[in-house]
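Data block below; observations after.
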């Protein structure tokens, strides 16, 4: 019997060349269900900056019957182009899409004829059932829940059938494909919250945890891969369930001890945490991980509690958020890990949020620098995600977005185009202070206790006026991400000898601006009151 040849194609950002977790899970589930023997599955890893024609020809050369893609807002345009070209290269191939963007934009993606099938929602069971019908000739696709298909030129959409319960899944994850230092994994699926900017906001707000035995077995297999140095957890928040999070970090710490005994590098953990969930035991568990708290993201979005409550439908308790982050840094400092934890934790915010304003965004940035005492943050321009609450209620907020994904905001009833430009200018410069001119950030942090953003804005104005060409050159390398090639390019540029001399000059000038600010505020360096001279009354 001829095997069905399937190509799983991950199109990923150039800075993250790693296979998507979705395809590992699909193959593992199919093997567990006994379908693997009738399939010939190949994995392809493409970078988003590759030419779509090259991708299509690479897939063509493998001669697949079916080409599958996982679609997100950031790769949607590329995938539609590849599918169109693939039809030219292999007219008989079946193009199958899944993923969050495909779920939210299914009808639109099926419109031009380059896509044959779309699997909505969690793909494991739906894709398995789809392949059964596909192999049987495709006469009963109407029996596959969550499937869109085309018959006689007409598109049909089947209703989804409940939620795929990962809590009863015991299939072992296939970890063999790929040799990237980064490995994606999830110990749970879903999110109990209803943040309106997220595509999960309109889905069932339930979180389900994989069985512990499966997690333990999968993690042991992953940690046996010597080349893996980073484990990226895709859970909405590892500590939504405190006991679960502590158990998982306990497993990771145990497996890292075993790797150290072998003389292998430890695996660093990358994850998102709501600081409101932190307590002393969780903090201690995080600080046991290699290099302290590794790459930990604290989702904030905005410091405005009214925006959270009235527009985002998102819980936020500023007092708990602030207290727990400071507690983490205090405990890290006592363990001698303060610098490492400060370097590997960051806050995520969004500029252009519905209901927020530029002044509100300024307050958020100032909160990060002045109240939290942090310098690492990432700010993303608001995106209108298909399937989210705001996608369905865009007119209520006069949301104007770009026509192509990722549907970046152009303006809203509270954020004008000029406001967005000002916000992105501010983000760029604050990024420079945290990455290139760190000495400026350190000096401001030591000497300005309140209103640090006002000081930074004075420095920004000075740099813009005095060094426009240098700032423009740095802007060429800028990208709002904490772990992409842009940082490497910026760091390489900043080590140029001529630039290093200029950098020291800029730092000296920035210090003088800080000192003048302190004099005007009646303060001395280190934030104390400025002593009066004998001539002053």
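Bear in mind that the values in this text are calculations on the coordinates, not laboratory data. Nothing here was measured: the structure is a model prediction, and the numbers come from that model. Note that we place each Cβ from the backbone using ideal geometry, even for glycine, and neighbour counts take in every protein chain shown.
Estimate the FRET efficiency between residue 501 and residue 243 by the formula 1/(1 + (r/R0)^6), using the beta-carbon distance for r and 45 Å for R0, to the nearest 0.05. Approximately 0.25, to the nearest 0.05.
FRET efficiency for the pair residue 108 and residue 327, taken as 1/(1 + (r/R0)^6) with r the Cβ-Cβ distance and R0 = 35 Å, rounds to 0.15. Once the Cα atoms are used to define both axes, helix 318-334 deviates from the longest principal axis of the chain by about 80 degrees. Label-to-label distance for residue 509 and residue 170 is 6.8 nm, based on points extended 7 Å past Cα in the beta-carbon direction.
Given a Förster distance of 35 Å, report the FRET efficiency between residue 424 and residue 205 from their Cβ-Cβ distance, rounded to the nearest 0.05. Given R0 = 35 Å and the Cβ-Cβ separation, E is 0.60.
Peptide packing: for 165-175, 366-376, the average count of neighbouring Cβ atoms within 10 Å per residue gives the ranking 366-376, 165-175, highest mean first.
Spacing of the modelled spin labels on residue 14 and residue 2, each 7 Å from Cα toward Cβ, amounts to 4.0 nm.
In the chain, the longest principal axis of the Cα atoms and the axis of helix 417-435 are about 80 degrees apart. Annotation: extensible slack from residue 476 through residue 58 equals 147.3 nm (criterion: 0.36 nm per residue apart, minus Cα-Cα distance). Rounded to the nearest 10 degrees, the angle from helix 52-62 to the longest Cα principal axis of the chain is 40 degrees. If the chain linking residue 371 and residue 38 were pulled fully straight, counting 0.36 nm for each residue of separation and taking away their Cα-Cα distance, it would gain 114.0 nm. Per residue of the chain, the DSSP helices (runs of n ≥ 4 H) give a summed -39500 (n - 2.57) that works out to -13000 deg cm²/dmol at 222 nm.
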